[in-house]
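Scroll down for the structure; my scribbles are underneath it.
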Amino acid sequence: MRIEIPNWIIIAGGVGQIFTAIIYPYIRHKVFDWYNDVRKLKPLNQEIAKTYGRYIQGLNFTFGLIAILIPSDLKNQTNLALALTGLISAYWVGKVITQIAYYPMYQIPQKTIFKIGSYGMNLLFIFFACIYTLLFIHNLNI
């Protein structure tokens with residue numbers, strides 16, 4: 001199966017991933033009131049929650065940088081390209097599954113901007129999952 005993804009789509013995905021990393025603190029603070037909820041945890045659990053939040057933000061930013069700086073290397077069918085696109089694909093597919101399976105049972109504030117933002121972010125996550133899954137399939141070289 002021959003899949004060809006233009007570099008500009010990979011770069012657009014990278015820009016989107018960096019956007020998610022930059023907007024992440026705003027979403028935690030304004031949409032989810034995350035910091036007030038975290039304050040209710042024991043100190044160690046507060047730090048664990050903050051650390052995982054930083055991991056998510058850092059991964060999104062780093063995946064974005066990789067896509068922007070070396071898009072051709074993500075599709076060159078080497079073992080490293082296969083491993084990296086497999087990792088990033090699993091990350092975003094897992095995020096989309098989590099969004100669908102768990103997040104609908106929670107309420108986000110009903111402001112129009114948050115509703116629009118929710119749909120926009122979900123579309124971005126699906127876009128990322130599709131790009132990296134297609135890259136992974138391409139790198140399998142079947």
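How many of the residues in region 31-56 are part of a helix (DSSP H, G or I) and touching a residue at least 40 places away in the same chain (Cβ under 8 Å)? Residues in region 31-56 being part of a helix (DSSP H, G or I) and touching a residue at least 40 places away in the same chain (Cβ under 8 Å): 1 in total. Scanning region 98-111 turns up no residue that is of a type in the set (D, E, K, R), surrounded by 11 or more Cβ atoms within 10 Å (Cβ to Cβ) and in a helix (DSSP H, G or I). The listed residues are 75, 95, 115, and the only one of them that is within 17 Å of residue 11 (Cβ to Cβ) and charged (D, E, K, R) turns out to be 75. Within region 112-127, does at least one residue satisfy the condition of being loosely packed, with under 11 Cβ neighbours inside 10 Å, not charged (D, E, K, R) and not in a helix (DSSP H, G or I)? So far as region 112-127 goes, no, none of its residues is loosely packed, with under 11 Cβ neighbours inside 10 Å, not charged (D, E, K, R) and not in a helix (DSSP H, G or I). Looking at region 54-96, which of its residues are under 11 Å from the mean Cα position of the chain (by Cα), aliphatic (A, V, I, L, M) and surrounded by fewer than 18 Cβ atoms within 10 Å (Cβ to Cβ)? Scanning region 54-96 gives 56, 59, 90, 96.
What number of residues in region 90-139 are of a type in the set (A, V, I, L, M) and either touching an Asp or Glu at 6+ places or on another chain (Cβ under 7 Å) or free of Cβ contacts under 8 Å to residues at least 60 places away in the same chain (or both)? Count: 12. Residue check: is residue 17 over 23 Å from residue 120 (Cα atoms), part of a helix (DSSP H, G or I), modelled with pLDDT of 90 or more and touching a helix residue (DSSP H, G or I) at 6+ places or on another chain (Cβ under 6 Å)? No, not satisfied. Looking for something assigned to a helix (DSSP H, G or I), aliphatic (A, V, I, L, M) and either modelled with pLDDT under 95 or within 26 Å of residue 115 (Cβ to Cβ) (or both) - is there at least one such residue anywhere in region 72-95? Taking every residue of region 72-95 in turn, at least one turns out to be assigned to a helix (DSSP H, G or I), aliphatic (A, V, I, L, M) and either modelled with pLDDT under 95 or within 26 Å of residue 115 (Cβ to Cβ) (or both).
The values are calculated or read from the model by the stated rules, or taken from the named source; none is laboratory data. Note that the structure is a prediction, hence the values are computed from the model and not measured. Cβ atoms come from the backbone with ideal geometry, glycine included; neighbour counts cover every protein chain shown.
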